[in-house]
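The next block holds one structure in the form of structure tokens; read it before the comments.
The values are calculated or read from the model by the stated rules, or taken from the named source; none is laboratory data. Keep in mind that what you see is a predicted model, and the values were worked out from it rather than measured. With ideal geometry, Cβ positions are generated from the backbone for all residues, glycine too; neighbour counts draw on all protein chains shown.
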Amino acid sequence: MSMTKQSVDALVQAAVSNLRAGRAVEDDAGLELKERWPDPTTRARQLAAAANALGGEALVYAIGVNDKNGDVTTPERREVQDWCAQLAKQFDQIAPELLWSQTVYVGDDADSIQVLVFDTSDFPYVVKAPENRFEVPYRRGTATRSARRSDLVRMLSSRTRVPPIAIAEAKVWFRAFDDANSGIRITGAIEADIFIEQAIGEVATLPIRDMRARIAVNDVHIPADVEVRQLGERWSIRRRGEPYPPEPIPPALGVYARDGFVVATAPGEFQVSSRVTLPSADAPEALKQPQTILEMKDILGAADEMRADLALRVVGAERLVRVSASLVRVDEGNSSKVALGTWEYAVVAVDPWTEDDQP
């Protein structure tokens, strides 16, 4: 999973929201939820197992949240660097590197969770075991066990490097129409720019058919169809008898979409347009009921915030890349009118000259 501080914040908040709504959190998402600080002398094996299973993708440890119901706890204060130093002593030669730590605030009460983000690119990780033995732990689902030969082969085989991927800009809008024949119908869209920080000299390919999008508002997930504008698509009007313009040549370096794939050969962006229609055959059963559609109209008309989620697959990678963006209302919506509202990505400006960075 590709990580920025904003995507880590969104990942943790989404997990807490899902747990509080009674939904499970995916086991393979690279996120570990802990009520209290794990004992570095006895829990290094679990962290090593998770890092080995991720095989180079970021590992997120969220400390101070119950992994069953999403309740935020108040663990004892610990110095992050001291805890990591004790953890590293349980490893043979090298341990997962701490990239950064951050505080994530959740809920109206601004409850805080301490989050640690680890780099796992130096896998496999070996931990010390009793009687001067060593072990390569491995994670399958929620179980930690010693790695088998097949696990080691999978771990050490050549993997496609997943580049950092993030939502750069995003906008969501919703409208409601009251049809005399079919009742209330809600339409909407997600328009987003997706940034891929692709290393020059490497290529990442993302199938458009595997992309999924959804909008989360008040613990309800609304699915959206994904479209990506591709090279060669002709959106302009051509006069009769006028020749088609020449087929565009893909850039040697950059990001472009063609033949059903997004291809990245250098840092760049591509545009996603996702459409929403309710009721819809693809929507969850609860979102097909007329009464629920009426409730969703009121919810969307009153919502000040929501979240846009996008899942992508990089060819050659074992797991999906999931990116999210928190959006805030930028106009005055009204549940009694056609326009329910427009929401945009609330990008948090980072001061590059903070006191901590001063020489």
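Observations on the structure shown:
- Criterion: closer than 26 Å to Val315 by Cα and charged (D, E, K, R) - qualifying residue of Lys89, Lys5, Lys34: Lys5
- Candidates Ala204, Ala147, Ala143, Ala213 - the one that is on the phi < 0 side of the Ramachandran plot, in contact (Cβ under 8 Å) with a residue 60 or more places away in the chain and in the same structural domain as Leu31 (by TED's automatic domain parsing): Ala147
- Hey, Asn52 more than 30 Å from Asn218 (Cβ to Cβ) and either surrounded by fewer than 18 Cβ atoms within 10 Å (Cβ to Cβ) or touching a helix residue (DSSP H, G or I) at 6+ places or on another chain (Cβ under 9 Å) (or both) or not: yes
- The strands (runs of 3 or more DSSP E) found entirely in the stretch 131-211 that carry 1 or more residues being of a type in the set (D, E, K, R) are 133-135, 137-140, 143-146, 165-179, 183-196.
- The set of residues in the stretch 18-48 that are surrounded by fewer than 19 Cβ atoms within 10 Å (Cβ to Cβ), modelled with pLDDT under 85 and of a type outside the set (Val, Ile, Thr) comprises Asn18, Arg20, Ala21, Gly22, Arg23, Ala24, Glu26, Asp27, Asp28, Ala29.
- Residue within the stretch 117-128 that is crowded, with 18+ Cβ neighbours inside 10 Å, in contact with a strand residue (DSSP E or B) (Cβ under 9 Å, 6 or more places away or on another chain), not hydrophobic (A, V, I, L, M, F, W, C) and not assigned by TED's automatic domain parsing to the domain that holds Leu11 present: no
- Within the stretch 103-116, the only residue that satisfies the criterion of being of a type in the set (D, E, K, R) and surrounded by 14 or more Cβ atoms within 10 Å (Cβ to Cβ) is Asp111.
- Residue in the stretch 238-250 that is modelled with pLDDT under 80 and small (Gly, Ala, Ser) present: yes
- Index of the failed condition, Ala311 passing every other in (1) assigned to a loop (DSSP other than H, G, I, E, B); (2) modelled with pLDDT of 85 or more; (3) not polar (S, T, N, Q): (1)
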